[in-house]
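The values are calculated or read from the model by the stated rules, or taken from the named source; none is laboratory data. Computed from a predicted model, the values in this text were never measured in an experiment. Because the Cβ atoms are built from the backbone with ideal geometry, glycine has one as well, and the counts that use them run over all protein chains shown.
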């Protein structure tokens, strides 16, 4: 191992010198392992937080994927991006906390450079894809709401944009594999000087190329976030202006009333309306009608006024939902990026704080995971149909007889 090579590189060739060096090496290794255990105990609060986030994130996004793929598999135009977001969130809730746990468990004895490089790349890749996907969603929502009579994004366009953005993110992050290395840090513990190994993306003696790369990476991510924010500001103005007008004109239906109206007449329900609109958009995609806003298309369908109001409320829910997802993503992702930028050349930053401050720093640094955990709860709050199917799924599981009873009855 690299650690063994470091400890043995200056040993004496004589038998007595060899035994002494081996004894010193064994002593230093035991001290280093003891120091690593001490750091792990100090980081235990953050470890518990990351385990909880992993648990709720994996369970929540698994439910989202099951419901959307099995019960809402038609993927209407409003929900098109949600399964892709859920896949990214699921991966992020597995990869991010796992890497955090490895860093806490092997703070100064990180075992492998390959694991270090792979986990850094995978963690950044899931976060980068999430940010780019929200950017595509913002463009789509902006065109539909603020430019309703201009050319709109079809399913084909959405797939192309996602493929392009994912390819760009993957290529941008590829150099990180070469710049992330195991870093050697000298510590003094119990009056002994030991050399620890940590996984870090920044080298205090980094080259000009590394500095330029990390600067460009942060700049591109910041630009995507800013552009997404600008688009959502425009979307938010229109959405809340419409909500304000509706409150002035009449009392908007409550979520219970909307949910009741949806179930009351399935033939004229919101979901039949969405299927009709989707079919109309697909059939006329080669004509100018497919470029019109969804709201103008629903008027062509000649819906009852009550269903038109229900559908508008339903669609506004999706605008607010994606706006909420973006806000949570930004609030949780930006601090993590700032920590990387501020501590670019300070590998020892995570070892220079007392217990409370250390866990606060670690939690804020890894705050990006919270966004991926919260998204399923955001879907459940705004998407009443999703919530209904989740409840139905759990009720079905609760009513299912035990496995042994099934065998006995058969």
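Take the conditions loosely packed, with under 11 Cβ neighbours inside 10 Å and either out of contact with any helix residue (DSSP H, G or I) (no Cβ under 9 Å at 6 or more places or on another chain) or at pLDDT 85 or above (or both) and apply them to residue 171. Does it pass? Here the answer is yes, as residue 171 does meet what is asked.
Of the residues 369, 364, which is surrounded by fewer than 17 Cβ atoms within 10 Å (Cβ to Cβ), in a helix (DSSP H, G or I), at pLDDT 80 or above and within 25 Å of the chain's Cα centre (by Cα)?
None of the other options fit; the residue is 364.
Among the criteria (1) surrounded by 18 or more Cβ atoms within 10 Å (Cβ to Cβ); (2) without any contact (Cβ under 8 Å) to a residue 24 or more places away in the chain, the one residue 127 does not fulfil is (2).
Can you pull out every residue in the range 57-84 that is at pLDDT 85 or above and surrounded by fewer than 16 Cβ atoms within 10 Å (Cβ to Cβ)? If the condition is that a residue be at pLDDT 85 or above and surrounded by fewer than 16 Cβ atoms within 10 Å (Cβ to Cβ), then 59, 62, 66 are the ones that fit. For the range 221-243, the criterion of being over 26 Å from the mean Cα position of the chain (by Cα), modelled with pLDDT under 90, assigned to a loop (DSSP other than H, G, I, E, B) and loosely packed, with under 15 Cβ neighbours inside 10 Å is satisfied by no residue at all.
Do we find a residue being modelled with pLDDT of 75 or more and either within 30 Å of residue 69 (Cα to Cα) or part of a helix (DSSP H, G or I) (or both) anywhere in the range 403-410? No, the range 403-410 contains no residue that is modelled with pLDDT of 75 or more and either within 30 Å of residue 69 (Cα to Cα) or part of a helix (DSSP H, G or I) (or both).
Only one entry in 214, 135 is in contact with a helix residue (DSSP H, G or I) (Cβ under 9 Å, 6 or more places away or on another chain), in contact (Cβ under 8 Å) with a residue 24 or more places away in the chain and under 30 Å from residue 321 (Cα atoms), namely 135. Taking the criterion of being within 21 Å of residue 56 (Cα to Cα) and in contact with a strand residue (DSSP E or B) (Cβ under 9 Å, 6 or more places away or on another chain), the residues of the range 75-116 that qualify are 99, 102, 103. When the criteria are applied in full, residue 169 fails the requirement of being part of a helix (DSSP H, G or I) and touching a residue at least 60 places away in the same chain (Cβ under 8 Å).
The rows are residues; the columns are (1) farther than 14 Å from residue 174 by Cα; (2) at pLDDT below 90.
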position	(1), (2)
102	yes, no
106	yes, no
109	yes, no
115	yes, no
119	no, no
125	no, no
129	no, no
134	yes, yes
138	yes, yes
